[in-house]
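Presented below is the structure to which this report refers.
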Amino acid sequence: MAIIAPSILSADFGYLNQDIDLINNSEAGWFHIDIMDGVFVPNISFGFPILEAVNKKAQKIKDTHLMIVNPDRYIETFHKLGTNYLTVHYEACTHLHRTIQAIKLTGMKAGVALNPHTNIHLLEDVITDLDLVLIMSVNPGFGGQKFIENTYKKIANTKDLILQKESKALIQVDGGINLDNAKKLTEVGADVLVAGSTVFNAKDPMQMIHDLKQKAES
Ligand code: DX5
Ligand code: ZN
């Protein structure tokens, strides 16, 4: 079973309620919510007022991807706003183990994201603590970028590590996902596929979510 997680970064913010309803009524499993601070990544997405509105209306798992420095400062706020999965970047956390424990202490699921240049073996000592590993298949910061081909090998390595360490972590992939790569991604071990522009730029986003899921599970 593949989980499709539309990224609301590519939604139409003038009609946000409409796009959230679309996801609620679709075959998507999760909402993927990107928070960017303009420091860790060269872009700013949105902050707590928008997140609060999204989380109130969203009726599925709320998966928040933090592309921010010092994420520890805001863990409790994300929890209060109804976040289910909170993912921080390996590259943004000096004390990653402490950050993971702090997320889990709130009752949220903990994820760690890796930039394309960061090797999966750096997670060897925390993989059993994780609920999710997010493999970035583009450099974070923007929607609509081109998928990096090395990702397939990296997912396979992640799967090996998870099996070897008997971790229960799900493997999520984020960036440049479309109908051409969805099947191969799940074949090599991905559990959750994030898709922003592929879903929201489609003529019929609801149908696209269906098609992505079909491909991923074929
Ligand atoms: C990029 C974000 C992604 C983005 C994906 O930094 O983390 O979640 O929304 O967008 P697409 O699917 O268009 O590459
Ligand atoms: Zn993301």
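A short reminder: the numbers here are calculations on the coordinates, not readings from a lab. Because the structure is predicted, anything quoted here is derived from the model rather than measured. Because the Cβ atoms are built from the backbone with ideal geometry, glycine has one as well, and the counts that use them run over all protein chains shown.
Given +1 on the Cβ of Lys and Arg, -1 on the Cβ of Asp and Glu, and no further charges, what dipole in debye does segment 110-211 carry about its Cα centre, rounded to the nearest 20?
Taking the Cα centre of segment 110-211 as origin, the dipole is about 260 debye.
So what's the net charge close to residue 16: Lys and Arg +1, Asp and Glu -1, counting the other residues with Cβ under 13 Å from its Cβ?
-2
Alpha carbon centre of segment 181-198 versus segment 38-101: separation in Å?
Each part reduced to its Cα centre gives a spacing of 22 Å.
Please give every one of the aspartates and glutamates within straight-line cross-link reach of residue 153, meaning a C-alpha to C-alpha distance under 19 Å, and leave out same-chain neighbours fewer than 8 residues apart.
Filter leaves 124, 174, 180, 187, 191.
Sorted by average packing, counted as other Cβ atoms within 10 angstrom per residue and highest first, what order do 191-200, 149-158, 126-135 take?
191-200, 126-135, 149-158
Convex hull volume of the Cα atoms in segment 167-218, per residue, in Å³?
74
List the lysines whose Cα lies under 26 Å from the Cα of residue 57, skipping any in the same chain that are fewer than 8 positions away.
Counting by Cα, and skipping residues close in sequence, residue 57 has these lysines nearby: 80, 104, 109, 203, 213.
Where in segment 155-191 is the amide nitrogen less than 11 Å from a point lying 7 Å along the Cα-to-Cβ axis of residue 13?
Label zone hits: none.
Considering every Cα-Cα pair within segment 126-218, what fraction, in whole percent, is farther apart than 18 Å?
44
Would you mind working out the magnitude of the charge dipole of the chain relative to its Cα centre, with +1 at each Lys and Arg C-beta and -1 at each Asp and Glu C-beta, to the nearest 20 Debye?
The dipole of the chain has a size of about 140 debye.
How many percent of DSSP beta bridges within segment 3-204 run antiparallel, rounded to 5?
Percentage antiparallel, nearest 5: 5.
If N is the number of residues in the chain, what value comes out of its Cα radius of gyration divided by 2.2 N^0.38 Å?
0.93
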